[in-house]
Amino acid sequence: MLQPISALRPIASISRARPTSAWAISVAKRRSRRRPWCWSNVPPDGPPGINAKPPTARLFFALWPEPELAASLAAHATDIAGRYQARPMRRDTIHLTLHFLGDVAETALPRLVEAGRSVRAAPFGLDIDRLAVWQHNHLLWAGCQETPAALLELVGKLRSALLASGSPVGDIRRPFAPHITLVRKLPVVAEPFVLPQIEATRWPCTRFVLVRSRLSAQGPDYQTIAEFPLVP
């Protein structure tokens, strides 16, 4: 049974109660200003944790050279970067990108791996026989005077597999420009860059890989997620 209001004992307010220390006053004041958690206090993007973004990975498919070819290309990179005070690619980072995906949710990795496994393309060879500069990107790259049809076919089949699997595809409409980046951060110069002639080197392409990229103070670090053999 409810007691009459007159029977209830009054409770001293915080301002009338005798504090035991300055710490007690501070705690009491902080608690008195705290707003209770309710939906009226929730920001438009939701309470913490509800709309948190899932972990992502920066991914791409690529051809990866054998150590001997990578070492040869890295030597050219070091030589030219030294002339222009630019940044050479490390031997273990030299590659030819087949398709760049960008930042992708890690939950999509299984579908990307399955898409790579579904590609059927025959092994082929690349003749690395030229050096060139893209001044708008400030980089030096190596490549082929003539792009083999087998490389274009591989890229086309890979993109089709990504679309068919429902995987993230990145910029699927971007034209494929095969190149092997060797030097970054070339300076802007008025005169054309003087590039050495390189002896044509055969690159037997028997596999491609799905790679994760992480940036560090020393440049990009690459981790192979999956490897796919080229089979007809």
Of all strands (runs of 3 or more DSSP E) fully inside region 98-155, the set with 1 or more residues that are of a type in the set (Val, Ile, Thr) and surrounded by 15 or more Cβ atoms within 10 Å (Cβ to Cβ) is 124-128, 130-134
Of the conditions (1) under 15 Å from Ala77 (Cα atoms); (2) touching an Asp or Glu at 6+ places or on another chain (Cβ under 9 Å); (3) modelled with pLDDT of 95 or more, the single one that Val183 does not satisfy is (2)
Would you say Ser26 is modelled with pLDDT under 70, among the polar types (S, T, N, Q) and part of a helix (DSSP H, G or I)?
-> yes
Query raised in the report: If you go through region 194-210 one residue at a time, do you hit one that is over 17 Å from Leu152 (Cα atoms) and aromatic (Phe, Trp, Tyr)?
Result: no
Flagged in region 185-231 as touching a Pro at 6+ places or on another chain (Cβ under 8 Å), surrounded by 11 or more Cβ atoms within 10 Å (Cβ to Cβ) and part of a strand (DSSP E or B), in numbering order, are Trp203, Pro204, Cys205, Arg207, Ser213
For region 157-184, the count of residues that are surrounded by 18 or more Cβ atoms within 10 Å (Cβ to Cβ), small (Gly, Ala, Ser) and not in a loop (DSSP other than H, G, I, E, B) equals 2
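The values are calculated or read from the model by the stated rules, or taken from the named source; none is laboratory data. Because the structure is predicted, anything quoted here is derived from the model rather than measured. All Cβ positions, even for glycine, are placed from backbone atoms using ideal geometry, and neighbour counts span all protein chains on display.
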